[in-house]
Amino acid sequence: MRMAELDDLRRDIDRVDEGLVRLLNERARYVCEIGRLKKSLGMEVYQPDRERNVFDRVRRMAADGPLSPDAIVRLFEIGRAHV
């Protein structure tokens, strides 16, 4: 019974991982599109105030989880650096 429970939990993790990858890629596509739009409008691509607002918002959303809010923010920072 214990091994079946472990297998079920691993399948759950695999399912969540698939969703996370899909959603992170979807977010990255939006980020790229926004960057292209800003460039075409002659706007500064990097906007620190917007970034700060996003990080504050995800920190609040992460307050309940086992991952610290700062760990969640680091994921968003990494995504920004590679897009």
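Things worth noting here:
- Which listed residue, of Y30, Y46, is open to solvent by 80 Å² or more (accessible area, probe 1.4 Å) and either outside any helix (DSSP H, G or I) or among the small types (G, A, S) (or both): Y46
- Which listed residue, of D64, D17, D8, is open to solvent by 60 Å² or more (accessible area, probe 1.4 Å), within 15 Å of the chain's Cα centre (by Cα) and not hydroxyl-bearing (S, T, Y): D17
- Taking the stretch 67-81 as the range and being touching a residue at least 24 places away in the same chain (Cβ under 8 Å) and either charged (D, E, K, R) or open to solvent by 100 Å² or more (accessible area, probe 1.4 Å) (or both) as the test, only R80 passes.
- Of everything in the stretch 33-43 that is surrounded by 10 or more Cβ atoms within 10 Å (Cβ to Cβ) and in a helix (DSSP H, G or I), the residue that is farthest from the chain's Cα centre (by Cα) is K39.
- Odd one out for R10 among (1) farther than 20 Å from L75 by Cβ; (2) basic (K, R); (3) modelled with pLDDT under 95: (3)
- Selection status of R57, of a type in the set (K, R), open to solvent by less than 100 Å² (accessible area, probe 1.4 Å) and touching a residue at least 12 places away in the same chain (Cβ under 8 Å): no
The values are calculated or read from the model by the stated rules, or taken from the named source; none is laboratory data. In this text, all values refer to a predicted model and were calculated from it rather than measured experimentally. Cβ coordinates were reconstructed from backbone atoms using ideal geometry, including for glycine residues, and neighbour counts include every protein chain displayed. Note: areas computed on protein heavy atoms with side chains; ligands, DNA, RNA excluded. Shrake-Rupley method; radii C 1.70, N 1.55, O 1.52, S 1.80 Å.
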